[in-house]
Each structure stands twice: as structure tokens, then as C-alpha cells.
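The values are calculated or read from the model by the stated rules, or taken from the named source; none is laboratory data. Just so it is clear, the model here is predicted, and its values are computed rather than measured. Backbone-built Cβ (ideal geometry, glycine too); neighbour counts: all protein chains shown.
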Amino acid sequence: MTQEQEAQNLNQLFSEIENLATSENCNDSIEWTFTSYGSKACGGPIGFIAYSTNIDTDLFLEKIEEHRTEQQEFNEKWGIISDCSVPSQPSGVVCENGSPLFEY
């Protein structure tokens, strides 16, 4: 596959992750948590994503790990570079108008 095709596959996988994460309305923050996602070329996650504990969390976290691994391999294979900034880790999730928002 070309670099562009592999990048499209990564984007498609992340779209599936986002669709799972947003498949529930955020009405009670107790039912929400978050995890890191992605892999920067210099190491560490790209960011954090909130998800409901009412979804199939095993499937969701498997997709997160699959995306992280594939992105690491993509970065190494294609010599991708990135900034080495570290995203701030949220302290929790709150619900606002049916959507999850991070607390810091």
C-alpha cells in the first residue's frame, strides 16, 4: 500500500473509534471515562478521547490499541516526524448538552 492508502486506513479506523465513542449521549458523567489514543512519532499519545462505559468497552479499547499499534508502524515505516509535545491529561469527564467534555 502507498503512504496515502495507509493514512486513509488509519483515518477510517479512527472514525470507527469516534463513532463508538459518540454512540451514547452524555447524560451522567459517572458513566463516562477516557483513554489516550494514537501514537506520535516521537512517542506518547496524540490526545485523549471520552467514551461511555455503556458501550462495548472491550471492542472500543481493542480498536484504540489497534489504532495505536498501526500508527506506530506507519510512523516508523514512512519516517514520520512530529512535535514532541505532551497533551494534557484530563482529570475527568463532565456532561454538557449531551456531549462529554474534559475536566482539567
Meets criteria (over 27 Å from residue 4 (Cβ atoms), in contact with a helix residue (DSSP H, G or I) (Cβ under 7 Å, 6 or more places away or on another chain) and surrounded by 14 or more Cβ atoms within 10 Å (Cβ to Cβ)) for residue 39: no
Residue in the range 52-92 that is surrounded by the fewest Cβ atoms within 10 Å (Cβ to Cβ), counting only those that are within 19 Å of residue 21 (Cα to Cα) and touching an Asp or Glu at 6+ places or on another chain (Cβ under 8 Å): 91
When residues of the range 23-66 are limited to those that are touching a residue at least 60 places away in the same chain (Cβ under 8 Å) and part of a loop (DSSP other than H, G, I, E, B), the one nearest to residue 83 (Cα to Cα): 25
Single residue of the range 81-103 satisfying the filter (at pLDDT 95 or above and β-branched (Val, Ile, Thr)) that is nearest to residue 34 (Cα to Cα): 93
Any hit, the range 11-21, residues being over 12 Å from the mean Cα position of the chain (by Cα) and surrounded by 13 or more Cβ atoms within 10 Å (Cβ to Cβ): no
